[in-house]
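This report refers to the structure that appears directly beneath it.
The values are calculated or read from the model by the stated rules, or taken from the named source; none is laboratory data. The model shown is predicted, which means the values in this text are computed figures rather than measured ones. FYI the Cβ positions are ideal-geometry reconstructions off the backbone, even for glycines, and counts take in every protein chain you see. What goes into the accessible areas is simple: the full protein's heavy atoms, side chains included, and nothing from ligands, DNA or RNA. Shrake-Rupley method; radii C 1.70, N 1.55, O 1.52, S 1.80 Å.
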Amino acid sequence: MSMLIVGTVATDDIVTPFASVAGVLGGSAVYAATAGSLYIPVQIVGVIGEDFPQKYKDFLRQKQFDLQGLEIQEGKTFHWAGKYHFDMNTRDTLATELNVLATFNPTLPVAYRETPFVFLANVDPTIQLRTLDQMKQPSLTVLDTMNYWIETQHDELTAVMRRSDLVMINDEELRQYTGEHSLLKAARQMLALGPRALIVKKGEHGAALVTKEGYYYAPGYPLEDVVDPTGAGDSFAGGFLGYIARQRKITARELHRALIHGSVIASFTVEDFSVDRLKSVTFPDVQKRYQEFASFTHFERLD
């Protein structure tokens, strides 16, 4: 059993109020795959340029990701730069250089096309659609996106949403897409497009799972120090879908547990820049923090 992730493989420049780094390994596929690999083997679909640093290639190989779907093209690798505000929840995008991603047209290896669990990570919606066109009825398709695609490719993004089982989106982007202030009203509007479920990400405040049948909320893990929030949402998704794929069950109970696993993984990610913290995380570490979540979210019903 494995999970397929299509997304960006990038280099990032990151500025926070407390530190900054340049040229670090990033990209939605990298964060999601590093997180998901704690649970299950991962296949990566993406593209890099000839300038992609050798040390990052070595890392991807050492993680034993299936890289048959990672193409190397002439040109420069996708590059993103951002600056975080003091609250570490809001940021300004300083640069988005698509480079080889601008012309990327994924061709999935035959072995990938029957993969049952698919994560369409934050990437151009046309790439997400081309990926789905090559898949053979996956058991669960999860979609993530961002404000840039909402602004520039609204119709294409809507087409992907209609073909996805679960959509992940943050609260600001959900309001942007629907034009609704109320998150619950906005969630219902998005569910009407066809997805079975919606996860609304709220940064350090956690995430909510919304379905036509109900609502479930997972808080963020309390951390004294947040170093870099970049990739938290992507690693959340990797942990969420990785857990579901490991269990091979898509029930309400498992979705609730997966939401907590996603929050656990995201809490590790933000403790360092890039995927550096995730490199040292083990599955027992995940289980320990999961139990901590259970202890501080449990309460007794009143008689």
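Observations
- Nearest-10 value in Å² for the accessible area of Glu50, using the 1.4 Å probe: 120 Å²
- Listed candidates (i) 1.06; (ii) 0.96; (iii) 0.94 - label of the one calculated as Rg/Rh (Cα atoms, Kirkwood Rh): (iii)
- The three principal axes of the C-alpha atoms in region 244-303 carry coordinate ranges of 46, 27, 17 Å, sorted with the longest axis first.
- Rolling a 1.4 Å probe over the heavy atoms of the protein chains gives the chain an accessible area of 45 Å² per residue.
- Region 88-142: C-alpha gyration tensor shape, a/c 1.5 cut-off, then a/b vs b/c: oblate
- The distance between label points at Gln189 and Asp285 comes to 4.0 nm (points 7 Å beyond Cα on the Cα→Cβ vector).
- Alpha-carbon spread of region 131-222, three principal axes, descending order, Å: 40, 29, 25
- Electrostatic tally near Tyr148: other residues with Cβ closer than 11 Å to its Cβ, Lys and Arg +1, Asp and Glu -1, net -3.
- Averaging 1/r over every pair of different alpha carbons in region 47-162 and inverting the result gives a Kirkwood radius of 16.0 Å.
- Summed side-chain charge close to Gln247 - residues other than Gln247 whose Cβ falls under 14 Å, Lys, Arg +1, Asp, Glu -1: +4
- Size descriptor, Kirkwood hydrodynamic radius, that averages inverse alpha-carbon separations across region 205-274, Å: 12.4 Å
- Sorting Leu108, Leu223, Leu184 on solvent-accessible area from highest to lowest, probe radius 1.4 Å, gives Leu184, Leu223, Leu108.
- The Rg/Rh ratio of region 43-88, with both radii computed over alpha carbons and Rh defined as the Kirkwood radius, is 1.11.
- Calculated [222 nm] ellipticity per residue, helices only, for the chain: -11000 deg cm²/dmol; basis is -39500 (n - 2.57) per DSSP H run with n ≥ 4, divided by all residues, nearest 500.
- Antiparallel bridges, percent of DSSP beta bridges restricted to the chain (to nearest 5): 40 percent
- Net charge contributed by nearby residues that have their C-beta within less than 13 Å of Ile127 (K/R +1, D/E -1): -4
- Beyond 27 Å in Cα-Cα separation lie the following of the pairs Lys55/Lys249; Lys202/Lys279; Lys201/Lys288; Lys136/Lys202; Lys185/Lys288: Lys55/Lys249; Lys136/Lys202; Lys185/Lys288.
- What the Kirkwood sum gives for region 1-96 is a hydrodynamic radius of 14.2 Å, with every pair of different alpha carbons counted.
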